[in-house]
1. Using the structure shown, decide if Arg241 is among the charged types (D, E, K, R), assigned by TED's automatic domain parsing to the domain that holds Pro167, in contact (Cβ under 8 Å) with a residue 24 or more places away in the chain and in contact with a Leu (Cβ under 8 Å, 6 or more places away or on another chain).
2. Suppose we filter region 7-26 for residues that are loosely packed, with under 14 Cβ neighbours inside 10 Å and at pLDDT below 90; how many remain?
3. Please specify each residue of region 238-277 satisfying the condition of being buried (at least 17 other Cβ atoms within 10 Å of the Cβ) and not hydrophobic (A, V, I, L, M, F, W, C).
4. Would a scan of region 251-267 turn up a residue that is over 28 Å from the mean Cα position of the chain (by Cα), assigned by TED's automatic domain parsing to the domain that holds Glu140 and closer than 28 Å to Ser197 by Cα?
5. Here are some residues: Arg118, Arg88, Arg129. Which one is within 20 Å of the chain's Cα centre (by Cα), more than 25 Å from Arg29 (Cα to Cα), modelled with pLDDT under 90 and surrounded by 16 or more Cβ atoms within 10 Å (Cβ to Cβ)?
6. When residues of region 47-72 are filtered for being surrounded by fewer than 16 Cβ atoms within 10 Å (Cβ to Cβ) and part of a helix (DSSP H, G or I), how many remain?
7. Can Tyr138 be described as among the hydroxyl-bearing types (Ser, Thr, Tyr), surrounded by 23 or more Cβ atoms within 10 Å (Cβ to Cβ) and in contact (Cβ under 8 Å) with a residue 60 or more places away in the chain?
8. Given the conditions (1) touching an Asp or Glu at 6+ places or on another chain (Cβ under 8 Å); (2) modelled with pLDDT of 95 or more, report the number of the one that Ser267 does not fulfil.
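The values are calculated or read from the model by the stated rules, or taken from the named source; none is laboratory data. Owing to the predicted nature of the structure, the values given are computational and were not obtained by experimental measurement. We place every Cβ from the backbone using ideal geometry, glycine too, and count neighbours over all the protein chains shown.
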Amino acid sequence: MIPLYKLEKLPRTQKLRKIAKIFGMAESRLSLSEQKKGLKIFTDSEISFFTDAVKLLSNDALFSDDARILFNEASLIFNNATSPEIVRRALNNVKHLLHTETGREQADWDFDECFDRRDSDGMLNPKERQIFTGMRVYLEDIRSPFNIGAIFRTAESFGVEKLILSPFCADPHHRRAQRTAMGCIDIVPWERQNLFSAEEIPKLPYPVFALETGSIPLGEFPFPQQGLLIAGSEELGVSPRALAAADASLGRVSIPCYGAKASLNVSVAFGIAVNFWAQVIVSGKQG
């Protein structure tokens, strides 16, 4: 850890980035993998450094009054630490304020998520998943790696058994998809297949329904205990061939919207729909 006197001599932006990095590393050490040790993972000199660093920041005239209040609160927390959770929040608040001050834009993958269930190697544990057998999803021509990653993460959370991607969906191994999915691509089964070619449609062994605007509202839709949900392209929605398959089965489900836009990002719409479907499955209701 850099001595405080050296830290004081650094140019302002470099100094703020250095403190943010140190606080970020300290915050990571308070993740669940080490939290059982409590605050004992920090030495007295480290706690003293945290306190002195935020005092140094509070004396920076370029920070707002609100920022200095945050620094003073953090200093009190470090001096009177009562729990790892409180200290972690203080470290996190200071870190993100410094990122903002130095012009660093934050993305979902920048956030240190310590509350998920990971094994000793830091990987998500597939044994922790509750899976609803027969809850399947077909992603049709979704182009954005961010949307693919977000859908995988949501699918993992709500028990989707399997994701089937059309040949022209973005690659789940794309770095942006991987970072947005936060490890979920590794534990949610998936494959690439064109389910709605002329040859495949007659072979589908389960009810099919499509997520589309202007159709049956969520609260009135007959969600099945097992079936296939189709989510379509960001630009074009579900293809006519896939819609025809859905219309010949369970039909189309939509999410009531009340704004001027009257539509949602596909990953957001997917999350709302699959959460509703999971609740139907858990309750044992159908139709």
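1. No.
2. Residues meeting the conditions: 1.
3. Passing the criteria: Ser239, Gly251, Arg252, Ser254, Ser267, Gly271.
4. yes
5. Selected residue: Arg129, the only one of Arg118, Arg88, Arg129 that is within 20 Å of the chain's Cα centre (by Cα), more than 25 Å from Arg29 (Cα to Cα), modelled with pLDDT under 90 and surrounded by 16 or more Cβ atoms within 10 Å (Cβ to Cβ).
6. 8
7. yes
8. Here Ser267 clears every test but (1).
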